[in-house]
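S.K.: One structure follows; several queries about it will come next.
Each value in this text was obtained by applying a stated rule to the coordinates, not by laboratory testing. No experiment lies behind these values; they were computed from the predicted model shown. Every residue, glycine as well, gets a Cβ built from its backbone with ideal geometry; the counts of neighbours run over all protein chains shown.
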Amino acid sequence: MKQIYTLLFLGLFSFCKSPEPKQIDLDELTIAQIHLGFSKGKYNAEDLVKAYLARIDANDSAFNSISVINPEALAIAKKLDKEFSKTGKLRPLHGIPLIVKDNINTVGLPTTAGSLALADFYPEEDAFIIQKLVEAGAIIIAKSNMAEWAFSPMHSESSTKGTTRNPYNLDHVPAGSSGGTGASIASNFGVIGLGTDTGNSIRGPSSHNSLVGFRTTLGLVSREGIVPLYLRNDVVGPMCRTVEDATKVLEAIAGVDSKDPITSFSEGKIPENYSQFLDKDGLKGARIGIFRTLSESNPDPQIAALFNQSLKDMQALGAVIVDSVEVKDFDSLRRNQWCPVFRQDLEKFLTDYVKRDTMKTLEDVIRVGTKSDYSRNGLESFRESTLPENMGENCGDPFTDLKRIAFREAIEKVMDSLRLDALVYPSWNHKPARIDRFQEEYLGDNSQIIAPHTGQPAFTVPMGFTSGNLPAGLQFLGKMWSEPVLIKLAYGYEQGTKHRKPPVLPKF
């Protein structure tokens, strides 16, 4: 009898014990592959989230890319699994693990912008785009480290998490300020990522981490609920391993938001879906202009070689290459485009979202302090900076600011005259800098120069690798609202070259 009871106990124990997590090969998994896996019953959202969390736990100590894990991620996955078992239908991003930059409001998770001043700030509501992604079925599994206050395009160092390293070469930067998103998505810690871009911060980290990064037309995607740097320039967008995945994220987040008035300019300009423009032959017959004003500005020879090869590849894929495109008065038009509106934008964010008597002003932020010398210097510079008297004219959006309009019109005039679909140049003319020399080796950042000021869309796609296993990116600049065109071009180039490869992780 005792043996019978023992066997019954062991059987019951075996029945009640949680099953081992399913072994899922996470390397380079795409949305389409995951949804196929769900449909065939190979795994579910809960299995997938467990696998990604285990991967983060095993590997991120080497990169320091994640700032906080979402404790509700598994519960959300279980709910989505129940929904799918009941309806048999998958939402557009059903069960897809998402990593969100730590300056985007997310309920239940801190939104710190990497700072001590916001270290314990928990938003009351999700940002508009987070609401849209959650409605589409995405699961926030983590938030990512960033350059504090998004100040640095060079590196990603915060007071809350420290410094993020490039997973392709730990001695080098992942760029900034969305370096945590770049390093984590490159390392396959999630499927899709969000970054913000004031001047470089989607495209720079995407370039440095062999990712696709979309800086869309200013006004296509809401910035509501995002800690600003210069709201007049800020864009939020996807950072993904493939053009297709980035396009699916864009489909979910594009749209008019009454809380971000600039999005009203996108009315009537958003197609029913963007995925229809994923054309493997997207470069056939396309007219691509080489913007040597940027590409030949003191490039690293290895980057120049990759860029020249990209031109040959695009031509082989059917594109017409138009060389030596020149924009009249480019050097003068690009000058004096920046406006130091951080204080004004930050203080409005503090009033609207943080709502604390002790945290209302830039001086309150400075009083709390920072662990980063770079951030400290930035905060002090904004305390001392002054704005033009006629700020409305000189610090406006790209639809009303005359300087910005003139800059854009000069570029688009040339594109129209040559019938160009896009201008191309390297996202960076130099390799990722070494972490211990990031300021002196910060060279060749082309992303800062045009799109942030003109409002035009600019996408970066992997262009290959230089010595040291360091990634490089190719940038396509389009006319306003030309995301469909850029998707075709970027997808055609990506599919024709297949430059993306994952880093080798310490434990995998």
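S.K.: Can you list which of the GluC sites (Glu not before Pro) found in segment 222-303 are DSSP loop residues with at most 11 other C-beta atoms within 10 Å?
M.R.: Sites meeting the loop and neighbour criteria: GLU267, GLU272.
S.K.: Over all directions, average the projected area of the Cα convex hull of segment 13-109 and note it in nm².
M.R.: Average projection, Cα convex hull of segment 13-109: 7.9 nm².
S.K.: Here is a follow-up. Suppose we keep just the DSSP beta bridges with both residues in the chain; what percent of those would be antiparallel, to 5?
M.R.: Looking only at bridges with both residues in the chain, the antiparallel portion is about 70 percent.
S.K.: Follow-up. Can you divide the C-alpha Rg of segment 89-178 by 2.2 N^0.38 Å and report the result to two decimal places?
M.R.: 1.18
S.K.: What is the sum of charges, Lys and Arg at +1 and Asp and Glu at -1, for the other residues whose Cβ falls under 13 Å from the Cβ of LEU489?
M.R.: With Lys, Arg at +1 and Asp, Glu at -1, the net is -1.
S.K.: Determine, for LYS50, LYS280, the number of other Cβ atoms within 10 Å of each Cβ, and report the residues in order from fewest to most.
M.R.: Ascending number of Cβ neighbours within 10 Å: LYS280, LYS50.
S.K.: Using only the Cα atoms of segment 273-344, what are the Rg and Dmax in Å?
M.R.: Looking at segment 273-344, its Cα Rg and Dmax stand at 17.0, 49 Å.
S.K.: May I pose another question? Report the Cα centroid-to-centroid distance between segment 109-158 and segment 358-418 in angstrom, as an integer.
M.R.: First find each Cα centre; the distance between them is then 21 Å.
S.K.: Would you list which aspartates and glutamates come within 19 Å of LYS161, measuring only between C-alpha atoms, while excluding same-chain residues fewer than 8 positions from it?
M.R.: Leaving aside aspartates and glutamates fewer than 8 places away in the same chain, those within reach of LYS161 are ASP57, ASP60, ASP102, ASP120, GLU148, ASP171, ASP373, ASP436.
S.K.: Stretch ASP27-ALA406 to full length: gain in nm at 0.36 nm per residue minus the Cα-Cα span?
M.R.: Length gained between ASP27 and ALA406: 131.9 nm.
S.K.: Give the shape of segment 324-363 as rounded, prolate or oblate, defined through the alpha-carbon gyration tensor: a ≥ b ≥ c are the square roots of its eigenvalues, a/c under 1.5 means rounded, and otherwise the shape is prolate if a/b is larger than b/c and oblate if not.
M.R.: prolate
S.K.: Still on this structure, I have one more. How are the C-alpha pair distances of the chain spread across 10 Å bins, as whole percents from the shortest bin up?
M.R.: Spelled out bin by bin, the chain gives 4, 20, 31, 26, 12, 4, 2, 1, 0, 0 percent.
S.K.: A further question follows. Which percentage, to the nearest 5, of the DSSP beta bridges contained in segment 61-175 is antiparallel?
M.R.: Within segment 61-175, antiparallel bridges account for around 55 percent of the total.
S.K.: Distance in nm between label sites at ALA75 and SER61, each 7 Å beyond Cα in the beta-carbon direction?
M.R.: 2.9 nm
S.K.: Which of the three applies to segment 192-270, rounded, prolate or oblate, going by the alpha-carbon gyration tensor with a ≥ b ≥ c and a/c under 1.5 meaning rounded?
M.R.: Note, shape of segment 192-270 comes out oblate.
S.K.: Highest first, please rank the peptides 229-236, 439-446, 322-329, 175-182 by the mean number of other Cβ atoms sitting within 10 Å of their residues.
M.R.: 175-182, 229-236, 439-446, 322-329
S.K.: Additional query: As an exercise, take the mean of 1/r over every pair of distinct alpha carbons in segment 166-301, invert it, and state the Kirkwood radius in angstroms.
M.R.: Kirkwood hydrodynamic radius for segment 166-301: 16.2 Å.
S.K.: Grab the other residues whose beta carbon is less than 14 angstrom from that of ASP279, score K and R as +1, D and E as -1, and report the net.
M.R.: Summing Lys/Arg as +1 and Asp/Glu as -1 gives -2.
S.K.: Starting from the coordinates of the alpha-carbon atoms of segment 422-508, obtain the Kirkwood hydrodynamic radius over all distinct pairs and give the value in Å to one decimal.
M.R.: So the Kirkwood estimate lands at 14.4 Å.
S.K.: Which order, highest average first, do 209-218, 459-468, 336-345 follow once you tally other Cβ atoms within 10 Å for each residue and take the mean per peptide?
M.R.: 209-218, 459-468, 336-345
S.K.: Could I ask something else about it? Counting helices only, and only those DSSP H runs with n ≥ 4, report the 222 nm mean residue ellipticity of the chain as the sum of -39,500 (n - 2.57) divided by its residues, in deg cm²/dmol to the nearest 500.
M.R.: Mean residue ellipticity at 222 nm (helix-derived): -10000 deg cm²/dmol.
S.K.: Return the subset of LYS40/LYS78; LYS328/LYS403; LYS78/LYS259; LYS132/LYS259 for which the Cα-Cα distance in this structure is over 21 Å, preserving the input order.
M.R.: Flagged as over cut-off: LYS78/LYS259.
S.K.: Now for a separate question. Which shape class, rounded, prolate or oblate, goes with segment 137-212 when its Cα gyration tensor gives a ≥ b ≥ c as root eigenvalues, a/c under 1.5 marks rounded, and past that a/b bigger than b/c marks prolate?
M.R.: It is rounded, given that a/c, with a ≥ b ≥ c, falls under 1.5.
S.K.: Using the Cα atoms of segment 355-508, I'd like the radius of gyration and the largest Cα-Cα distance, Dmax, both in angstrom.
M.R.: 20.3, 57
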